[in-house]
Amino acid sequence: MPVYKAPVEDVLFLLNDVFHIERFANLPGFADASPDTVRVIVGEAAKFCEEVLAPLNRVGDRQGCRRGDDGSVTTPDGFREAYRRYTEGGWIGISVPQEFGGLDLPMAITQTVNEFMASANMAFAMYPGLTQGAIAALLAHGTDAQKALYVPKMVAGEWTGTMNLTEPQCGTDLGLIRTKAVRQADGSFRITGTKIFISAGEHDLAANIVHLVLARVEGAPEGTRGLSLFVVPKFVPNPNGSLGARNAVSCGSLEEKMGIHGNATCVMNYDGAAGWLVAEENRGLQAMFVMMNEARLGVGVQGLALSEVAYQNAAQYARDRLQGRAVTGAAFKDKPADPIIVHPDIRRTLMTIRAFNEAARALVLWTSIRSDVAHRADAGKDRRAADDYMGLLTPVIKGVLTDLGFAYTVMAQQVFGGHGYIQEWGMEQFVRDARIPMIYEGANGIQALDLVGRKLGKDGGRAAMAFFNEVQGYVKDHAGNDAMKPLVEPLGRALGHLQQATMWFMQNALTKPDNAGAGATDYMHLFGLVVLGYMWCRIAVAAHEKLAADTSGRMKAKLVTARFFMERMLPETAAHLARIQAGAASVMELPAEMF
Ligand SMILES: Cc1cc2nc3c(=O)[nH]c(=O)nc-3n(C[C@H](O)[C@H](O)[C@H](O)COP(=O)(O)OP(=O)(O)OC[C@H]3O[C@@H](n4cnc5c(N)ncnc54)[C@H](O)[C@@H]3O)c2cc1C
């Protein structure tokens with residue numbers, strides 16, 4: 001059975017020593033997040049994920065969800081009990097305001113718990129993950145009555161949430177949505193249509209399911225400008241929160257899919273279901289974006305989470321598996337062969353994955369802190385800067401962490417040789433599960449286009465310029481530090497590549513948009529490498545500070561891994577730049593019928 005040990009110490013090091021979360025104590029909720037409190041919460045989450053969720057991961061994969069003739073959906077054995085224990089732990093609302101039953105603690109703690117959960121059992125983690133997104137959308141755009149009625153129940157886990165965008169004829173292009181909403185005399189709407197691929201659309205974990213549904217009010221404009229957001233509960237709640245009538249929404253079938261078998265992916269039929277408008281009519285997409293942005297960060301975390309659990313198993317296997325001898329001579333003469341961890345190619349593989357995982361975790365936590373500044377700081381410069389940063393980094397985190405998360409999960413599988421391909425070791429499940437984050441919540445090609453087409457030029461390029469200045473300033477500040485020179489010099493070069501690529505788009509893509517489209521994925525990955533390199537520099541500064549007192553070897557390991565990243569991963573920025581500057585000509589030349 002696969003192993004999983006939540007990286008508690010790494011998280012605490014990042015929060016306390018790298019990002020100094022105590023410096024944000026002026027933000028609401030942060031004063032309660034003392035190092036001791038954070039240690040207890042993160043430790044408890046680790047225990048729950050290691051002991052309860054991880055053992056259910058394979059059960060969920062093998063059994064999957066089952067749909068009854070009445071449209072009910074049964075989750076795999078053990079999920080109900082695990083969900084009950086999960087809700088008792090109060091994990092859903094860690095960062096939700098206390099007036100709605102949450103703890104109002106920093107988002108970084110929520111994302112940490114979510115990472116552990118997705119490593120242990122991604123299919124399970126998606127049920128509360130979607131609920132968190134739905135809570136965020138309701139808090140941002142719901143009426144006071146909607147917030148009071150729905151949010152406390154969802155925070156308690158008694159009711160779960162879903163997001164309903166996709167239809168058979170429309171995925172990326174939401175302007176094609178056909179689901180209809182007809183206004184009723186009492187101010188409610190009747191919702192009719194079919195949604196597909198709806199995660200957690202139906203299940204047996206909670207008493208009620210709160211669907212957030214994009215639909216078009218009769219007579220609304222075509223395209224995305226005519227979309228409105230509705231809350232459509234499975235059971236219509238009475239004003240006191242008790243469950244009322246069963247609504248006309250049902251699961252028509254379950255998708256049979258490549259991975260995350262323990263999560264129900266449903267075709268949802270809305271047959272004149274009662275729904276209530278959330279946010280203004282025809283402003284539904286903007287409201288849904290709150291949920292989508294939250295979900296995009298959550299999906300990025302899934303990429304990291306799968307890469308982490310795959311790494312842990314590959315590292316253990318590499319220490320145990322005996323094959324061949326070290327090229328420099330037998331390392332373990334008493335054994336019939338050396339463990340494969342002696343081989344440089346296996347080490348290169350493991351170093352690559354850990355160099356990604358640790359920097360990606362830093363990026364997630366740093367971004368979570370910025371997201372709290374964006375939401376909790378008093379209106380002003382800090383808040384606007386944090387908001388800009390979130391807009392810019394959201395597609396990078398979603399696209400890069402899931403593309404690389406999958407690639408490195410496959411790399412970890414390779415360490416197992418043939419044993420990675422058979423079910424017994426669990427690696428093939430990780431690979432199957434890691435594939436979906438690249439696709440849902442906006443396929444990664446779309447994330448790249450969002451970055452290049454929308455986010456770069458927004459507000460005259462304010463967010464991108466601020467990011468470039470931040471990294472450039474950091475490089476400059478540490479250029480005179482001998483210990484940091486081997487790290488900040490390559491980071492400075494990589495940033496130069498990113499700035500050249502940005503300039504190239506400005507000069508070559510405004511009149512020829514194919515140049516932007518053809519280079520967008522490379523640009524997103526170039527951006528990702530720069531920000532991961534920046535994270536490694538920040539980790540290294542903290543590791544140097546703790547090096548003398550550290551007897552565990554962990555700080556030394558971080559410094560070696562930082563060097564590895566700079567020497568062997570960051571140089572990819574040059575290749576990305578070259579591909580971007582090659583332009584779209586060879587990409588676009590062949591006629592469609594030649595493909
Ligand atoms: C397991 C699973 C769970 C899901 N959960 C949910 C859920 O809970 N709620 C929900 O609403 N949806 C959900 N989805 C749907 C998911 O978000 C969509 O599948 C995804 O957004 C892509 O849409 P599509 O499948 O229609 O692909 P398409 O939009 O048809 O795209 C196909 C390919 O073309 C590319 N492409 C499309 N348009 C462009 C363009 N303009 N420029 C360049 N490239 C383009 C895309 O990048 C993609 O690679 C889920 C899907 C799966 C498989």
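The values are calculated or read from the model by the stated rules, or taken from the named source; none is laboratory data. These numbers come from a predicted model, not from an experiment. In this analysis, Cβ positions are derived from the backbone assuming ideal geometry, glycine residues included, and neighbour counts consider all displayed protein chains. Side chains are part of the model used for accessible areas, which takes the heavy atoms of the whole protein and leaves out ligands, DNA and RNA. Shrake-Rupley method; radii C 1.70, N 1.55, O 1.52, S 1.80 Å.
Would you mind stating whether Ala407 is of a type in the set (Gly, Ala, Ser), within 16 Å of the ligand (Cβ to nearest atom), under 23 Å from Asp61 (Cβ atoms) and within 18 Å of the chain's Cα centre (by Cα)? Working first, answer last.
Numbers: of a type in the set (Gly, Ala, Ser): yes; within 16 Å of the ligand (Cβ to nearest atom): no; under 23 Å from Asp61 (Cβ atoms): yes; within 18 Å of the chain's Cα centre (by Cα): yes.
Against the criterion (of a type in the set (Gly, Ala, Ser), within 16 Å of the ligand (Cβ to nearest atom), under 23 Å from Asp61 (Cβ atoms) and within 18 Å of the chain's Cα centre (by Cα)), Ala407 does not qualify.
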Residue under question is Gly133, and the condition is that it be at pLDDT 95 or above and within 16 Å of the ligand (Cβ to nearest atom); does it hold? no
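Within the range 318-342, take every residue that is under 33 Å from the mean Cα position of the chain (by Cα) and either surrounded by 13 or more Cβ atoms within 10 Å (Cβ to Cβ) or hydrophobic (A, V, I, L, M, F, W, C) (or both) and give me the one that is nearest to Phe564 (Cα to Cα). Before the answer, list the steps.
Going residue by residue through the range 318-342, those that are under 33 Å from the mean Cα position of the chain (by Cα) are 318-321, 340-341.
Next cut, either surrounded by 13 or more Cβ atoms within 10 Å (Cβ to Cβ) or hydrophobic (A, V, I, L, M, F, W, C) (or both) only: 318, 321, 340-341.
Values: Ala318: 19, Arg321: 24, Ile340: 20, Ile341: 17 Å.
Filtering first and then ranking leaves Ile341.
Quick one: in the range 540-556, of everything that is part of a helix (DSSP H, G or I) and among the aliphatic types (A, V, I, L, M), which residue is surrounded by the most Cβ atoms within 10 Å (Cβ to Cβ)? Don't jump to the end; show me each part of the working.
First, the residues of the range 540-556 that are part of a helix (DSSP H, G or I): 540-547, 554-556.
Now restrict to residues that are among the aliphatic types (A, V, I, L, M): 540-543, 547, 555.
Numbers: Ala540: 26, Val541: 20, Ala542: 19, Ala543: 24, Leu547: 15, Met555: 22.
Residue satisfying both the conditions and the ranking: Ala540.
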Per the list (1) in contact (Cβ under 8 Å) with a residue 12 or more places away in the chain; (2) open to solvent by less than 80 Å² (accessible area, probe 1.4 Å); (3) farther than 25 Å from Ile446 by Cβ, residue check on Arg563 breaks on (2)
Residue ID - nearest to the ligand (Cβ to nearest atom), chosen from residues in the range 148-186 that are within 25 Å of the chain's Cα centre (by Cα) and either of a type in the set (Lys, Arg) or on the phi > 0 side of the Ramachandran plot (or both): Gly157
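Can you pull out the residues in the range 250-264 that are in a strand (DSSP E or B) and open to solvent by 20 Å² or more (accessible area, probe 1.4 Å)?
Quick first cut of the range 250-264, residues in a strand (DSSP E or B) only: 250-254.
Within the range 250-264, Ser250, Gly252, Ser253, Leu254 qualify.
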Just wondering, is there one or more residues in the range 314-325 that are in contact with a helix residue (DSSP H, G or I) (Cβ under 7 Å, 6 or more places away or on another chain) and polar (S, T, N, Q)? yes
If you take just the strands (runs of 3 or more DSSP E) that sit entirely in the range 169-249, which of them hold at least 1 residues that are at pLDDT below 95? none
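Yes/no per residue for (1) modelled with pLDDT of 95 or more; (2) open to solvent by 10 Å² or more (accessible area, probe 1.4 Å):
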site: Ala31; (1), (2): no, yes
site: Glu44; (1), (2): yes, yes
site: Leu53; (1), (2): yes, no
site: Gly60; (1), (2): yes, no
site: Arg66; (1), (2): yes, yes
site: Asp69; (1), (2): yes, yes
site: Ser72; (1), (2): yes, yes
site: Thr75; (1), (2): yes, no
The residue that is most open to solvent (accessible area, probe 1.4 Å), considering only those in the range 226-249 that are within 16 Å of the ligand (Cβ to nearest atom) and within 12 Å of His211 (Cα to Cα), is Lys234
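Suppose we filter the range 265-289 for residues that are part of a helix (DSSP H, G or I) and either crowded, with 20+ Cβ neighbours inside 10 Å or on the phi > 0 side of the Ramachandran plot (or both); how many remain? Please lay out each step first, then the result.
First, pick out the residues of the range 265-289 that are part of a helix (DSSP H, G or I): 284-289.
Still in the list and also either crowded, with 20+ Cβ neighbours inside 10 Å or on the phi > 0 side of the Ramachandran plot (or both): 284-285, 287-288.
Going through the range 265-289 one residue at a time, the tally reaches 4.
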Go through (1) out of contact with any His (no Cβ under 8 Å at 6 or more places or on another chain); (2) at pLDDT 95 or above; (3) over 30 Å from Ala412 (Cβ atoms) one by one and return the number of the condition Val278 breaks. (1)
Flag if Pro55 is over 20 Å from Leu365 (Cβ atoms), touching a residue at least 40 places away in the same chain (Cβ under 8 Å) and not in a helix (DSSP H, G or I): no
Can you find a residue in the range 453-467 that is among the aromatic types (Phe, Trp, Tyr), assigned to a helix (DSSP H, G or I) and open to solvent by 10 Å² or more (accessible area, probe 1.4 Å)? no
In the range 343-383, which residues are buried (at least 18 other Cβ atoms within 10 Å of the Cβ), free of Cβ contacts under 8 Å to residues at least 60 places away in the same chain, of a type in the set (A, V, I, L, M, F, W, C) and over 21 Å from Glu567 (Cβ atoms)? Ala374
Show the residue pairs that are 6+ apart or on different chains and have beta-carbon atoms under 8 Å apart, the first residue being within the range 148-166 and farther than 17 Å from Glu294 by Cβ, the second being β-branched (Val, Ile, Thr) and within 16 Å of the ligand (Cβ to nearest atom). Gly157/Thr131; Trp159/Thr131; Trp159/Ile209; Trp159/Val210; Thr166/Ile196; Thr166/Ile198
